[in-house]
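> Can you read through this structure? Questions will come right after.
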Amino acid sequence: MSTSAQIGVTGLAVMGRNLARNFARNGYTVALHNRTVSKTHELVENFGDEGDFIAAETAKEFVEALERPRRLVIMVKAGGPTDAVIEEFAPLLEPGDMIIDGGNAHFADTRRREKALREQGIHFVGMGVSGGEEGALHGPSIMPGGPRESYDSLGPMLEKISAKAASDGAPCVTHVGPDGAGHFVKMVHNGIEYADMQLIGEAYQLLRDVAGYSPAQIADIFRTWNTGRLDSYLIEITAEVLAHVDAATGKPFVDVVVDQAEQKGTGRWTVQIALDLGVPVSGIAEAVFARSLSGHADLRAASRGLAGPKPTALSDAEAAAFADRVEQALYASKIVSYTQGFHEIQAGSDEYGWDIDLGAVSSIWRGGCIIRAAFLDRIRAAYDARADLPSLLSDETFAREIAEAQDDWREVIIAATRDGVAVPGFSAALAYYDALRAERLPAALTQGQRDFFGAHTYRRVDREGAFHTLWGGDRSEVTE
Ligand code: 6PG
């Protein structure tokens with residue numbers, strides 16, 4: 001067995017296979033390993049002409065095929081399978097070697113694994129990879145964490161295989177930060193992906209139920225939107241999905257698919273972690289809840305007969321004007337989703353001392369990943385203009401765009417409410433915006449109630465300190 005492979009990939013299901021092919025197509029010799037050996041040989045048989053592969057049948061052969069420091073990419077299921085592969089390979093490695101986990105691991109697992117392997121001198125890189133099968137093959141967005149020094153040798157290879165941003169050709173990869181930073185950022189990417197998809201879903205439902213358009217007409221509307229500021233991969237594929245007609249029935253494809261959305265868990269993690277960090281990611285949370293609500297088939301069946309409003313019919317001109325308003329609402333809500341997602345990344349970075357550069361994150365999401373969009377160029381510009389931006393909403397351009405969109409945004413939510421179309425994503429985004437800009441919040445009343453029933457104390461607007469009112473007595477105020 002030659003020891004000439006610059007990188008090895010173990011776990012050759014579709015993502016691993018395509019990532020291995022991407023490395024090979026970019027001139028790297030790639031060692032291959034899979035638990036079921038036939039998959040390894042199949043890859044070489046089918047794609048061997050794309051580059052140089054070394055097929056290894058055993059873990060030992062695989063490790064021996066790698067030049068030092070060894071770079072070993074694992075592309076297996078997150079959780080137990082990842083631990084099993086690490087346990088298999090770690091004893092065969094030497095200090096300075098690298099294990100790179102390209103799965104959708106929970107960042108806390110990545111932190112644990114990085115710490116354990118560091119004790120053996122092995123560099124563990126938790127690496128977020130986005131872009132699905134196509135991205136893995138043609139250029140994904142890559143979010144590696146782990147030790148900084150691992151990026152010196154790994155980074156140039158990742159830069160070669162990554163997507164390049166359309167506007168300036170920059171590789172969509174950066175060293176995100178130490179230990180679990182890469183997987184954390186990938187998790188939030190997916191949370192934003194959920195929110196984007198939910199907002200698009202709400203826009204579709206409004207265009208269908210309020211404006212009365214057919215899926216094919218809505219596909220055209222999305223195509224038009226995709227030529228403007230909403231230009232993005234998700235809007236593009238939405239048009240494709242809506243235009244598709246089911247061959248078996250001749251019906252719109254979207255009408256023959258069971259309306260129960262599934263999830264693998266990264267959106268849910270984003271919300272769970274946000275709760276721990278105290279970050280309001282209401283748009284992402286509504287997206288996760290909307291998926292779970294859709295899956296409660298029995299509950300939905302039992303509720304279908306509940307009263308709703310009488311639908312309002314719109315004229316053609318009114319429907320067209322409404323569609324324009326929905327575009328405004330979608331755009332404004334999208335700004336809020338990203339604001340919330342970036343807030344979570346900042347909070348995670350502060351909590352774990354990762355020193356994540358938010359501008360760099362927006363930059364590497366400009367190509368390859370599922371949420372890639374022209375919009376990310378504008379986020380990048382916002383952080384370029386001010387690296388310590390407190391929130392995307394503080395950026396002048398975004399603030400102005402929301403100011404221009406807000407009347408339509410509110411009108412759309414009014415119309416949805418009037419016609420009984422659920423728009424939790426649009427509504428949560430607007431509520432976040434209105435709450436943030438409010439002079440006073442009812443949180444003062446909440447504090448009063450807490451003090452009333454639990455003597456939890458409150459702070460005053462005019463004096464320092466903690467205070468308690470003797471609610472059960474003469475209602476005088478005492479200092480705690
Ligand atoms: C990506 C995707 C990818 C995957 C998600 C889908 O960035 O390439 O996010 O990670 O498609 O796991 O997640 P759900 O199954 O939870 O929708």
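Yes/no matrix, rows are residues, columns are (1) within 20 Å of residue 13 (Cβ to Cβ); (2) under 25 Å from the mean Cα position of the chain (by Cα); (3) modelled with pLDDT of 95 or more:
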site: 75; (1), (2), (3): yes, yes, yes
site: 82; (1), (2), (3): yes, yes, yes
site: 89; (1), (2), (3): yes, no, yes
site: 93; (1), (2), (3): no, no, yes
site: 99; (1), (2), (3): yes, yes, yes
site: 105; (1), (2), (3): yes, yes, yes
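> Consider residue 291 carefully, then state whether it is more than 16 Å from the ligand (Cβ to nearest atom), charged (D, E, K, R) and either touching a Cys at 6+ places or on another chain (Cβ under 6 Å) or within 23 Å of residue 427 (Cβ to Cβ) (or both).
Considered against the rule, which asks whether it is more than 16 Å from the ligand (Cβ to nearest atom), charged (D, E, K, R) and either touching a Cys at 6+ places or on another chain (Cβ under 6 Å) or within 23 Å of residue 427 (Cβ to Cβ) (or both), residue 291 comes out as no.
> If you check 378, 366, which single one turns out to be among the charged types (D, E, K, R) and away from the ligand (no atom under 16 Å from the Cβ)?
378
> Moving on. Test of understanding: among 238, 227, which residue is within 16 Å of the ligand (Cβ to nearest atom) and closer than 30 Å to residue 410 by Cα?
Answer to the check: 238.
> Quick check, is residue 282 surrounded by 11 or more Cβ atoms within 10 Å (Cβ to Cβ), of a type in the set (S, T, N, Q) and away from the ligand (no atom under 16 Å from the Cβ)?
So residue 282 fits the description; yes.
> Kindly check whether there is at least one residue in region 178-192 that is more than 25 Å from residue 79 (Cβ to Cβ), within 16 Å of the ligand (Cβ to nearest atom), modelled with pLDDT of 95 or more and among the small types (Gly, Ala, Ser).
No, because not a single residue in region 178-192 is more than 25 Å from residue 79 (Cβ to Cβ), within 16 Å of the ligand (Cβ to nearest atom), modelled with pLDDT of 95 or more and among the small types (Gly, Ala, Ser).
> Pick out the one residue from 372, 400 that is within 16 Å of the ligand (Cβ to nearest atom), modelled with pLDDT of 95 or more and not aliphatic (A, V, I, L, M).
On inspection, the qualifying residue turns out to be 372.
> For region 157-167, which positions are more than 16 Å from the ligand (Cβ to nearest atom) and either at pLDDT below 95 or not acidic (Asp, Glu) (or both)?
157, 160, 164, 165, 166, 167
Conditions (1) more than 16 Å from the ligand (Cβ to nearest atom); (2) in a helix (DSSP H, G or I), marked per residue:
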{"site": "194", "(1), (2)": "no, yes"}
{"site": "199", "(1), (2)": "no, yes"}
{"site": "206", "(1), (2)": "yes, yes"}
{"site": "211", "(1), (2)": "yes, no"}
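> Follow-up question, since we're still on this one. For region 251-279: of the residues being more than 27 Å from residue 421 (Cβ to Cβ), of a type outside the set (Lys, Arg) and within 14 Å of the ligand (Cβ to nearest atom), which is modelled with the lowest pLDDT?
265
> Quick check on my filter: what residues within region 106-156 are away from the ligand (no atom under 16 Å from the Cβ), touching a Phe, Trp or Tyr at 6+ places or on another chain (Cβ under 9 Å) and in a strand (DSSP E or B)?
Answer for region 106-156, where residues must be away from the ligand (no atom under 16 Å from the Cβ), touching a Phe, Trp or Tyr at 6+ places or on another chain (Cβ under 9 Å) and in a strand (DSSP E or B): just 125.
> Now a separate question. Looking at region 263-288 only, could you name the residues that are of a type in the set (D, E, K, R) and touching a helix residue (DSSP H, G or I) at 6+ places or on another chain (Cβ under 7 Å)?
268, 286
> Scan region 358-381 and give yes if some residue there is farther than 30 Å from residue 112 by Cα and of a type in the set (S, T, N, Q), otherwise no.
No, region 358-381 contains no residue that is farther than 30 Å from residue 112 by Cα and of a type in the set (S, T, N, Q).
> Right, next: Yes or no: region 457-477 includes at least one residue that is assigned to a helix (DSSP H, G or I) and exposed (fewer than 12 other Cβ atoms within 10 Å of the Cβ).
The answer is no; no qualifying residue exists.
> If the requirement is being in a strand (DSSP E or B) and over 17 Å from residue 113 (Cβ atoms), which of these qualifies: 8, 48?
8
> Starting from region 220-247, keep only residues that are closer than 17 Å to residue 371 by Cβ and among the β-branched types (Val, Ile, Thr), then list their pairs with residues that are modelled with pLDDT of 95 or more and not in a helix (DSSP H, G or I) whose Cβ atoms are within a distance under 7 Å, requiring at least 6 positions of separation or different chains.
Qualifying pairs under 7 Å: 235/226.
> Further question: Please count how many residues of region 128-154 are at pLDDT 95 or above, more than 23 Å from residue 358 (Cβ to Cβ) and of a type in the set (S, T, N, Q).
0
The values are calculated or read from the model by the stated rules, or taken from the named source; none is laboratory data. Since we're looking at a predicted model, the values are computed, not measured. For neighbour counting, all protein chains shown are included, and Cβ atoms are generated from backbone atoms with ideal geometry for every residue, glycine included.
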